[in-house]
Amino acid sequence: MNNILVVNVNWLGDAVFSIPVFKALKKTYPQARLTCLCVPRVKEVLQYCPYVDKIIIYDERGKHRMPWQKLKLIQYLKREKFDASFLLHRSMTRSLMVYLAGIPLRVGFCKFKSLLTNPIQGKQEDIHRCDYYLKVLEGYGIKVQDRLCELRLKVEDMQSLDSKLSGVGIAPRESFVVLNTGGNWDLKRWSTDSFTLLAKRFVQEFGFKIVLPGADKDRENCQRIAQAVGIKAVVFAGETSLGESLALYKRALAVISADSGPLHLAHSVGADVIGIFGPTRPEITGPRGNGRCQILFKDVGCNKAPCYHLTCTNNLCMQSVTVDDVFQAFRKIRS
């Protein structure tokens, strides 16, 4: 098997969880070229995966939205002459695409099993996402020895980050903590007030500086925290590339975050992390990198928790995690 296509998942954190799939394929078929078919939002993450040789974009809501555009992509896949495809996404459309592309071996999850040569059984909700994706390989008979998610930093990103840190007054050996306040839906986020109190405590008890990264949409919230904390807090929201963010996580004493893409990115580059979980389950979406890790998750007696409930009215599961809980987790991780 010399030319393999992996049809990947849709979200940043899940893309990180798919990395052991590429690692296992590369170990099993060291001479093979591994190509990933993915949506645009996860392309940049996979560029930091050392096992991916080529990336093909499937822009299902843009460039490839119309049927004739999908047909052009199918023709492209056909010309690539893949020996095999492994589908990590339960998508009939993507299964149909690799079927029409004439890829002889098609392994993966799909409701329409006739589209695959080797359909794999598996319930996504029962096991960690990483193990779920690896079931595709294991179902085909490939042995998996390493389940760690690993992204590789680039020298130029580390140098660029050092320059940015120097520009805001953080010296090369100076200690700082990263607080990631964002999340892809509000009920997974720890409160702004809690992050503010935590930041103040780090400053008062240790004298650490606080770095607040994130996307452009997080900037206003980060600025509110920074204004409350004072000159020891630095807002980087919307100011760093993905590579610089990875370098930032690696440089930090710890990265503190709710269940989100940045939490998993940080752990994948070996950063020490503290994950705050509420409506999601750490045994399913907990960090799988190679840094130290503390998970905070409380049973609040809610019969729906962990629930993935987007319309919860009290968010008690996240509110129950206190600043003191996080601070004590930090002490454990640094001991």
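The values are calculated or read from the model by the stated rules, or taken from the named source; none is laboratory data. On a predicted model such as this, the values are computed, not experimentally measured, just so you know. When we count neighbours, we look across all protein chains shown, and the Cβ atoms used for this are built from the backbone with ideal geometry, even at glycine. Calculation scope for accessible area: heavy atoms of the full protein, side chains included, ligands and nucleic acids excluded. Shrake-Rupley method; radii C 1.70, N 1.55, O 1.52, S 1.80 Å.
Here are some notes:
- Accessible-area composition of the range 1-109, carbon plus sulfur, in percent [1.4 Å probe]: 52 percent
- Nearest-10 value in Å² for the accessible area of Phe236, using the 1.4 Å probe: 10 Å²
- Pairs from Lys154/Lys209; Lys54/Lys143; Lys111/Lys143; Lys23/Lys200 whose Cα-Cα separation, in the structure shown, is over 30 Å: Lys23/Lys200
- Between the range 9-58 and the range 194-238, the alpha-carbon centres lie 33 Å apart.
- Global form of the range 260-335, assessed from the alpha-carbon gyration tensor, a/c cut-off 1.5: oblate
- Take each peptide in 165-175, 309-319, 88-98, count the other Cβ atoms within 10 Å of every residue, and average; sorted highest first, the result is 88-98, 309-319, 165-175.
- Ignoring lysines fewer than eight residues from Lys332 along the same chain, the ones with Cα atoms less than 18 angstrom from its Cα are Lys298.
- Against the chain, whose longest principal axis comes from its Cα atoms, helix 129-140 is set at around 20 degrees.
- Angle in degrees between helix 67-80 and the longest Cα principal axis of the chain, rounded to the nearest 10: 80 degrees
- For Lys63, the aspartates and glutamates whose Cα comes closer than 18 Å to its Cα, not counting residues fewer than 8 places off in the same chain, are Glu44.
- Average accessible surface for the range 17-141: 48 Å² per residue, computed with a 1.4 Å probe over protein heavy atoms with every protein chain in place.
- Adding -39500 (n - 2.57) for every DSSP H run of four residues or longer, then dividing by how many residues the chain holds, sets the calculated 222 nm ellipticity at -11500 deg cm²/dmol.
- Between the alpha-carbon centres of the range 85-140 and the range 263-324 there is a gap of 28 Å.
- Compared with the dominant principal axis of the Cα atoms in the chain, helix 192-206 is inclined by about 60°.
- Sorting the segments 213-220, 19-26, 239-246, 264-271 by their residues' average number of neighbouring beta-carbon atoms within 10 angstrom, most packed first, yields 264-271, 19-26, 239-246, 213-220.
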